[in-house]
Amino acid sequence: MGLCLSTAWNAFRYNNGEEIVQEIRSLGFEEIELSFDLTKKIVADISRLVKKKRIRVHSVHNFCPVPDGLERREALPDCYSLASCDEEIRALAVKYTKVSIDTACQLNARALVLHCGRVETGEHTRELISAYNAGGFGGPYFQALKLRMHKERIEKAEEHFSNALRSLEQLAGYAKGLDIAIGIENRFYFREIPSFAETGRILEHFRGAPVFYWHDTGHAQLWENLGFMKHKDYLDTYAPYLLGVHLHDIKGTQDHLAPLEGDFDFNALKPYLKDGTIKTLEAHYPATAGELICAKDYLEKLYA
């Protein structure tokens, strides 16, 4: 299996799938992941290109296409939370995740990359990053905010986590019927589900179901850089469940850089990747075409 490129890199510049795919192919990529900011028209365009064998899709990122009634800029992966205590919102999250599973099936993809919602507390991750950038993780404000975030999350986590499990129970059977694997992605924001421990609880709960682990390099490294835990702990603990990886670089707390543009050592992943592991380069703008070409060459040689 070759290296995929996420359409997150260039989809925002176009309103049709033909131009998105044409630009990606011009960099040498023949396989892609569909990101969460694509309209029904763009997905239909790409579906036609898949049928013509001009591109292959290995994975789809929830929600895809953009849910009804939302603009592209509004359709973030947690615009509807699978962990919501509002039953109407949770039902919409399940509904549009099933649509995304349908999309993956229609495009002959193997996997759906999934965010599992969030604990409804204040979102302090960016504030924590600012405190770290100002004084490191030894600073008193950083430490005080870290303790506050832990306390707020613990107080509300269990109810939201139970709702996420309910949603996943509805989705696992649906995905199994269409032969689509669900990849539970480790998260960037502290309040999001799953935490490191919650990842294990989900994987154990769905043992035997098509629910696996999706490893994001930048997200895992962020929490090591902030002094919370080791990146390697994710890989050592959840490698048996590994379905795919998002490959992007990170410099300090800035992630989604093209590989080779940050400080992460991509050699660290080699022992954990198998032939069938879906490997997706998930750099965002302003990564350049030249950076992606260099990253592609480097990663394909490294993981050959």
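The values are calculated or read from the model by the stated rules, or taken from the named source; none is laboratory data. Computed from a prediction, not measured in an experiment: that's the story for all the values here. Note that we place each Cβ from the backbone using ideal geometry, even for glycine, and neighbour counts take in every protein chain shown.
Brief remarks follow.
- Of the residues making up region 72-101, those that are farther than 17 Å from residue 119 by Cβ and among the small types (Gly, Ala, Ser) number 3.
- Number of positions in region 208-267 that are touching a residue at least 60 places away in the same chain (Cβ under 8 Å), more than 23 Å from residue 137 (Cβ to Cβ) and not hydrophobic (A, V, I, L, M, F, W, C): 2
- When region 170-181 is filtered for residues that are surrounded by 14 or more Cβ atoms within 10 Å (Cβ to Cβ) and farther than 15 Å from residue 106 by Cα, the ones remaining, listed by number, are 170, 171, 172.
- Selection of region 275-285 for residues being at pLDDT 95 or above and either farther than 25 Å from residue 10 by Cβ or assigned to a loop (DSSP other than H, G, I, E, B) (or both) yields 276, 277, 282, 283, 284.
- Per the listing 112, 178, 147, the residue uniquely within 20 Å of the chain's Cα centre (by Cα) and farther than 15 Å from residue 81 by Cβ is 112.
- Restricting region 216-233 to residues that are in contact with a helix residue (DSSP H, G or I) (Cβ under 6 Å, 6 or more places away or on another chain) and not in a loop (DSSP other than H, G, I, E, B) leaves a set whose member that is farthest from residue 184 (Cα to Cα) is 224.
- Selection over region 121-146 of residues that are under 30 Å from residue 7 (Cα atoms), buried (at least 16 other Cβ atoms within 10 Å of the Cβ) and either among the hydroxyl-bearing types (Ser, Thr, Tyr) or in contact with a Lys or Arg (Cβ under 9 Å, 6 or more places away or on another chain) (or both) gives a count of 3.
- Highlighted here are the helices (runs of 4 or more DSSP H) found entirely within region 10-124 that include at least 3 residues which are touching a Phe, Trp or Tyr at 6+ places or on another chain (Cβ under 6 Å): 87-106.
- Being among the acidic types (Asp, Glu) and modelled with pLDDT under 95 is not true of residue 255.
- Within region 240-255, being assigned to a strand (DSSP E or B) and polar (S, T, N, Q) holds for one residue alone: 254.
- Pairs meeting the criteria (first residue in region 175-191 and on the phi < 0 side of the Ramachandran plot and free of Cβ contacts under 8 Å to residues at least 60 places away in the same chain, second residue hydrophobic (A, V, I, L, M, F, W, C) and in a strand (DSSP E or B), beta carbons under 8 Å, at least 6 apart or on different chains) are 186/214.
- Hits in region 182-215 (condition: in a strand (DSSP E or B) and either of a type in the set (Ser, Thr, Tyr) or surrounded by fewer than 22 Cβ atoms within 10 Å (Cβ to Cβ) (or both)): 212, 213
- Those residues of region 4-63 which are surrounded by fewer than 18 Cβ atoms within 10 Å (Cβ to Cβ), of a type in the set (Gly, Ala, Ser) and under 20 Å from residue 295 (Cβ atoms), in sequence order: 26, 28
- Flag if residue 160 is over 23 Å from residue 269 (Cα atoms), in contact (Cβ under 8 Å) with a residue 60 or more places away in the chain and in contact with a Gly (Cβ under 7 Å, 6 or more places away or on another chain): yes
- Checking residue 126 against (1) touching a Pro at 6+ places or on another chain (Cβ under 8 Å); (2) free of Cβ contacts under 8 Å to residues at least 12 places away in the same chain; (3) of a type in the set (Lys, Arg), the condition it does not meet: (1)
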